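S.K.: Below: one structure in structure tokens.
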Amino acid sequence: MKEKLKTLLRQNLVYQLNQLRLQWRSIPYRLGDEVECPICQSHYRAFMPFRYRTNAYCPNCKSLERHRYIFLALRDRLGFFSAPRKKVLHFAPDICLIPRIKASPYIDYVTADYMTSFTSSITVKPDYIMSIDDIKFDNDTFNVVIAIGILVMVPDDTKAMREVLRVLKPDGYAVFHDPINKDFPISFSDARLTKEEKQKLYHGHDQRWYYGADYADRLRAQGFSVEDDTFVQTIDYKRYGISPTERVYIARKTA
């Protein structure tokens, strides 16, 4: 018991020190008003770098480009935070989105992930430990499923898509977002890829799938109705630090 307590205290100390270091490093970025995080309403000269990307990370709420775009799509395109009341399942819960979702009186919210260790920079420990390709809920349970950067990590992504379709209520929808290279006409998965080959394909990220221009068609093949996404062209994407080529896939379960 003492060892567990020591471990927890040590982890908490490391976390607090990392937070202090982050806030210290963020000071130069806070001296300006060129960009704005729509999730936490913070203003910056620029967003902080994240991995290989510049102008990406909000040091206040820890959002990245994809989170800011998905938040705006949920709020302004889908009316997600408004009535009627909806039951929502969020895989790999993103730390920046959780407070805003939980604050809505119209959302009954649960989170899930298969991971047992979590990255405090963008995610938190979920309510349920489960994989998206084996969802432990009954058919027709949720109005909305959110899966950001999840399919790309699943060995059998089509099975995961079918599982999401199964637990959605009729007329419910899933929000999918994964890294996509439109120069690939066909998505593929190859466990034989070397670290160097992965680096060339997608900056060395240890993903299982390399999605191409057929991403939406793969969802349609499993029974979803998928909307084209032109929403980014209607927003001030530069202000929010979002790429004009960003896409989110709204996949509906038709009755």
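S.K.: Which number do you get for Rg(Cα) / (2.2 N^0.38 Å) in region 67-109?
M.R.: Numbers: Rg = 9.7 Å, N = 43, 2.2 N^0.38 = 9.2 Å.
Expressed relative to 2.2 N^0.38 Å, the Cα Rg reads 1.06.
S.K.: List the trypsin sites (Lys or Arg not before Pro) within region 55-150 that fall in a DSSP loop (any state other than H, G, I, E or B) and whose Cβ has at most 14 other Cβ atoms within 10 Å. Walk me through the numbers before you get to the answer.
M.R.: Working: sites: K62, R66, R68, R75, R77, R85, K86, K87, R100, K102, K136; in loops: K62, R85, K136.
Those satisfying the criteria are R85, K136.
S.K.: Here's something else I'd like to know. Assuming R0 = 35 Å, can you tell me the calculated FRET efficiency for the pair K102 and E197, based on Cβ-Cβ distance, to the nearest 0.05? Don't skip to the answer; put the middle values down first.
M.R.: Numbers: r = 41 Å, r/R0 = 1.16.
It comes to 0.30.
S.K.: Related question: Tell me which chymotrypsin sites (Phe, Trp or Tyr not before Pro) from region 65-109 have a DSSP coil assignment and no more than 16 other beta carbons within 10 Å of their own.
M.R.: In loop regions of region 65-109 (DSSP not H, G, I, E or B), the sparsely surrounded chymotrypsin sites (Phe, Trp or Tyr not before Pro) are Y106.
S.K.: Shifting gears a bit: What's the FRET efficiency of S225 with I129 using the Cβ-Cβ distance as r and R₀ = 25 Å, to the nearest 0.05?
M.R.: Working: r = 30 Å, r/R0 = 1.22.
Calculated transfer efficiency: 0.25.
S.K.: Here's a follow-up. Take the alpha carbon gyration tensor of region 37-112, find the square roots of its eigenvalues, order them as a ≥ b ≥ c, and report rounded if a/c is under 1.5; if not, report prolate when a/b exceeds b/c, else oblate.
M.R.: Values: a/c = 2.46, a/b = 1.88, b/c = 1.31.
Verdict is prolate for region 37-112.
S.K.: Moving on to the next point. Counting only protein heavy atoms and a 1.4 Å probe, tell me what percentage of region 64-195's accessible area is made up of carbon and sulfur.
M.R.: On the way: 3070 of 5930 Å².
Whole-percent figure for carbon plus sulfur exposure: 52.
S.K.: Then there is this: Along the Cα→Cβ direction, 7 angstrom out, place labels at R51 and D156. What is the inter-label distance in nm?
M.R.: Label-label distance for R51 and D156, simple model: 2.7 nm.
The values are calculated or read from the model by the stated rules, or taken from the named source; none is laboratory data. These numbers were taken from a predicted model, which means no experiment stands behind them. In this analysis, Cβ positions are derived from the backbone assuming ideal geometry, glycine residues included, and neighbour counts consider all displayed protein chains. Accessible surface areas use protein heavy atoms only, side chains included; no ligands, DNA or RNA. Shrake-Rupley method; radii C 1.70, N 1.55, O 1.52, S 1.80 Å.
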